[in-house]
Amino acid sequence: MTKHLDRELDSLRSDLISQFGLVEQMILNAVRALAERRADLADEVISQDAIIDANDIKFEEECLKLLALHQPVATSMRWLFTVVKVNNELERMADLACNIAERAKSIQEYPLFPVPEELDEMAAGATSMVKNALDSFIEGDVTKSRAVIATDDQVDRKNRLVIELLHEMMRENSDYIAPAVHCFSASRHLERIADLAVNISEEVIYLVLGDIVRHQHGETEVHNNENADNR
């Protein structure tokens, strides 16, 4: 029974890694479609969402089947619970990539609108977080997980900067209002993708160490500030 479960887990792991790769590519192509005004890439991203949705259902059903049939304990059970959560985050990432692709197609209607360079920088940061989060899951690397969590503040700051720049552009040129709103939406979607990368990283920490670290980042920061004040 244990050997059969191990084979099933290995197969599930392999399929999930393929899902990782597809979602990561969707995000990269959505960002490229936005930066390069590539409708073909945007359409490719949108068409792949059906594959992600089908896999999402398949993975969840497989995890539930393994839990029911084999009643795993300890590490195997924790791994299956983590897969269910990570799979859900991947599906949400894919949806956000599609949203960015839609915004990229809309911006094509405004060829004179300059997409802020800071949005490209933000996209680079968010996609790097996704890659490192997925690598941390595959490798069981808690150090990479913690690095992803620490990077989230940088993407949040970029998001605020992009929003400020877009507001300024809209004030200076009313013709830019519509495309700026599309960029604003893309920026928010990227910020949310970064948040989902953090969620995956938190699940990796739980998987490897058994520690639940959700909602603790702010508390840690406050604690560190209090310690600094007391020194």
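General remarks:
- Within the same chain, aspartates and glutamates fewer than 8 places from LYS85 are excluded, and of the rest, those with a Cα less than 15 Å from its Cα are ASP53, ASP56, GLU60, GLU61, GLU62, ASP195, GLU202, GLU203.
- Summing +1 for each Lys or Arg and -1 for each Asp or Glu among the other residues whose beta-carbon sits under 12 angstrom from that of ILE17 gives -4.
- Dipole of the stretch 2-220 computed with +1 at Lys/Arg Cβ and -1 at Asp/Glu Cβ about the Cα centre; of ILE100, THR82, HIS70, farthest Cα towards the positive end is HIS70.
- Under the Debye formula (equal points on every Cα, no solvent term), log10 I(q)/I(0) of the stretch 99-226 at q = 0.09, 0.14, 0.19, 0.20 Å⁻¹: -0.32, -0.67, -0.97, -1.03
- Kyte-Doolittle at least 0.0, axis length at least 15 Å by Cα - qualifying DSSP helices, the chain: 39-70, 74-107, 177-209
- Check: the stretch 2-220 dipole with +1 on Lys, Arg Cβ and -1 on Asp, Glu Cβ, in debye: 340 debye
- The simple spin-label model puts a point 7 Å past each Cα toward its Cβ; for ASP156 and LEU22 those points are separated by 3.3 nm.
- FRET efficiency estimate (nearest 0.05) - Cβ-Cβ, ASP135 to SER47, R0 41 angstrom: 0.95
- Relative contact order, whole percent, for the chain stands at 23, derived from Cα pairs under 8 Å and 6 or more residues apart.
- Our estimate of slack between LEU209 and GLU164, defined as 0.36 nm per intervening residue step minus the Cα-Cα distance, is 12.2 nm.
- Modelled label positions at VAL142 and VAL84, each set 7 Å beyond Cα in the direction of Cβ, lie 2.4 nm from each other.
- Cα convex hull of the stretch 2-220, projected area averaged across orientations, nm²: 12.3 nm²
- Among ASN29, LEU5, THR143 the positive-end extreme of the charge dipole of the chain (Cβ point charges): LEU5
- Label point distance in nm, VAL181-LYS58, each placed 7 Å from Cα along Cα→Cβ: 3.9 nm
Computed from the coordinates by the stated procedures, all read-outs in this text should not be read as laboratory data. None of these values were measured; they are calculated from a predicted model. Positions of Cβ are backbone-derived with ideal geometry, glycine not excepted, and every protein chain shown enters the neighbour counts.
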